[in-house]
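Following: one structure in structure tokens, then a few remarks.
The values are calculated or read from the model by the stated rules, or taken from the named source; none is laboratory data. All values reported here derive from a predicted model rather than from experimental measurement. Because the Cβ atoms are built from the backbone with ideal geometry, glycine has one as well, and the counts that use them run over all protein chains shown.
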Amino acid sequence: MEMSVGQVAERAGVKVSALHFYEQKGLISSWRNQGNQRRYDRSVIRRVAVIKAAQQVGMSLEDIASAFERLPRHKAPTKSQWESMATQWKQDLEHRIQQLKALQNDLDGCIGCGCLSLDSCNLRNPQDERAQEHSGESLLTNPEDTVLKG
């Protein structure tokens, strides 16, 4: 069943401009009818729902687009295809959760440090990784150094 851009927007709970944006980014696709109006397959509603849910948990549009590359464009993906995508996203989210927990745990040390102790900063220089490449004041004076950029 084909749908107009307005029908999809209403059913998916997004603005028409959002659909145009998602299409521009390659997340959804449409075709033109004889009157040059956009038409979408009904399955695009599920894609939009997944896009919205993924964005709510912090997934980037690039991550979403990458996952969608393995899914069919003009028909609904199978259950196993959705599960495969979800499994990868779960792993990515778990990694982010661990990073946020580490940040939360190390934040107390930052309040006292103020990033004045780059050699022992758990956030900017964990396990003193910078010491392998640089030493001393090169951490502060190297213009290509990304530690101080923020």
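A few comments on the model shown:
- Residue within segment 57-72 that is touching a Pro at 6+ places or on another chain (Cβ under 8 Å), surrounded by 16 or more Cβ atoms within 10 Å (Cβ to Cβ), closer than 30 Å to Ile97 by Cα and at pLDDT below 90 present: yes
- Test for Arg46: is it touching a residue at least 24 places away in the same chain (Cβ under 8 Å), over 17 Å from Glu69 (Cβ atoms) and basic (Lys, Arg): no
- Members of segment 17-54 found to be under 19 Å from Met1 (Cβ atoms) and of a type in the set (Phe, Trp, Tyr), listed by number: Trp31, Tyr40
- Among the conditions (1) surrounded by fewer than 16 Cβ atoms within 10 Å (Cβ to Cβ); (2) under 29 Å from Leu100 (Cβ atoms), Met1 misses just one, which is (2).
- Scan of segment 19-39 for residues that are crowded, with 16+ Cβ neighbours inside 10 Å and free of Cβ contacts under 8 Å to residues at least 24 places away in the same chain, ordered by number: Glu23, Ile28
- Whichever residue in segment 4-18 is of a type in the set (Gly, Ala, Ser) and exposed (fewer than 14 other Cβ atoms within 10 Å of the Cβ) and, among such residues, is farthest from the chain's Cα centre (by Cα): Gly6
- Residue tally, condition under 17 Å from Gly26 (Cα atoms) and either of a type in the set (A, V, I, L, M) or without any contact (Cβ under 8 Å) to a residue 24 or more places away in the chain (or both), over segment 54-68: 10
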